[in-house]
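Here is the structure we will look at, set down as structure tokens.
Just so it is clear, none of the values below were taken in a lab; they were calculated from the coordinates. As the structure is a computational prediction, the values presented were derived from the model and not from experiment. Note that each Cβ is placed from the backbone with ideal geometry, even for glycine, and that neighbours are counted across all protein chains shown.
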Amino acid sequence: MSADEEPAPDPASIIRLATSYWESQCFLTANRLGGFEALGDGPKPADEVARALALSPRPTRLLLKACVGLELLLEDERGFRNHPSAQVFLVPGGVAYLGNAVRYGDDMWTPWTALAAALREGTPRVATETYTGDDPEKTRNFVYGMHNRAMGIGMALVGMLDLSGRQHLLDVGGGPGTYAALLTRANPGLRATVIDLPEVAALADEILTEMGAREQVEPLAGDYRETPWPTGIDAVLISGVFHRETEDTCREFIARAREALAPGGLLAVADVFTDAGGATPVFAALFGLNMMLSAPDGGVHADADVAQWLEDAGFRSVDRRPFPPPMPHRVVTGVVARVGTGADAGVR
Ligand SMILES: C[S@@+](CC[C@H](N)C(=O)[O-])C[C@H]1O[C@@H](n2cnc3c(N)ncnc32)[C@H](O)[C@@H]1O
């Protein structure tokens, strides 16, 4: 396209970006105050919702109307009711409940308001330990939020990793252990060890027991940098960990996985990754800022770089693939060569 044919600059996206946070704050507040739960058993007029949540009626009506506009709620002569997706994902008790994961977004609101200070000082705005032990309520929200999300994302991962015939999976920074539980359930004969920090491992124990997976999955409480990783294993999963670590640490973890794996062993690194260049997809670029605000080395890596690090460490059949939409995750896999035979792909 020549300069003459270029479309005229349009302020629409600039104006929209100036107010996009109104939408998030409306949604996060409705979720935090229990709005979707209050409507879980059917339609209610605004005054009744306000009474149930001990809120002022006029502002509550404004919030409910905005939620209709955001397609979170529907309205008719009986009052307001949950949109079908809000009913499935935002009312506590359902298997697809995402309210805890949404609460994590809410917890990160205050750090985001201090983005300028983080940029000036080069340090996170929240101590990462808040979510991994120091604050019991936030840790519980975080771990159960990871669990809720992993129930969906893990089902996709089960379809993407071929672990048939494998016997021992190590899940590094495996949080609630949900992926390990789903992967062992889908691959009879597979057992798993999940390394995570002590307070998180204690919650993983609780979640694995609820999932009936405690016999197959062993939580191992410890720091993944210092705790020796089991050896002679045939699969390593490192999911959602690289976004809080530097390139050097990621390369160190890849080398440790290589040492821990027997010949033919599979390493899978899953995370939110950017394309080469780091600016797209925009969700991944923003996710890098979110991680910078919450972990000292937090950020985002490109999957092409991670694939290169696996190759540099001697992994073979290195592959990278996106999770099915709308999940923003991608997985990079590599295999330790069997002597004299090359490598197996180990992915579906
Ligand atoms: C974003 S979560 C990923 C959890 C899970 N693997 C997933 O993909 O959903 C990062 C995990 O790393 C754990 N973690 C952070 N620092 C750690 C450390 N030094 N040692 C062990 N685990 C750590 C956190 O407790 C958390 O469970």
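Here is the figure for region 207-261: residues that are touching a Cys at 6+ places or on another chain (Cβ under 9 Å) and closer than 15 Å to V335 by Cα total 1. Would you confirm, using the coordinates I've provided, whether R320 is away from the ligand (no atom under 16 Å from the Cβ), of a type in the set (D, E, K, R), in a helix (DSSP H, G or I) and touching a residue at least 12 places away in the same chain (Cβ under 8 Å)? Criteria not met by R320.
Close Cβ contacts (under 9 Å, 6 or more residues apart or on different chains) running from residues in region 42-71 that are more than 18 Å from Y21 (Cα to Cα) to residues that are in a helix (DSSP H, G or I) and hydroxyl-bearing (S, T, Y) comprise A46/T60; D47/T60; V49/T60; A50/T60; L53/T60. Filtered by the rule that a residue be within 24 Å of D223 (Cβ to Cβ) and surrounded by 14 or more Cβ atoms within 10 Å (Cβ to Cβ), region 87-126 gives Y104, D107, M108, P111, P124, R125, V126.
Here F283 fits the description: surrounded by fewer than 20 Cβ atoms within 10 Å (Cβ to Cβ), under 18 Å from the mean Cα position of the chain (by Cα) and touching a residue at least 12 places away in the same chain (Cβ under 8 Å). The combined condition, being within 16 Å of the ligand (Cβ to nearest atom) and either of a type in the set (A, V, I, L, M) or farther than 27 Å from P219 by Cα (or both), is fulfilled by V306. Annotation note: Cβ proximity below 9 Å between a residue of region 286-302 that is among the acidic types (D, E) and a residue that is not in a helix (DSSP H, G or I) (sequence gap 6+ or interchain) occurs for D297/E245; D297/T246.
Within region 106-131, the set of residues being touching a residue at least 40 places away in the same chain (Cβ under 8 Å) and under 20 Å from the mean Cα position of the chain (by Cα) comprises D106, M108, W109, P111, W112, P124, R125, V126, T128, Y131.
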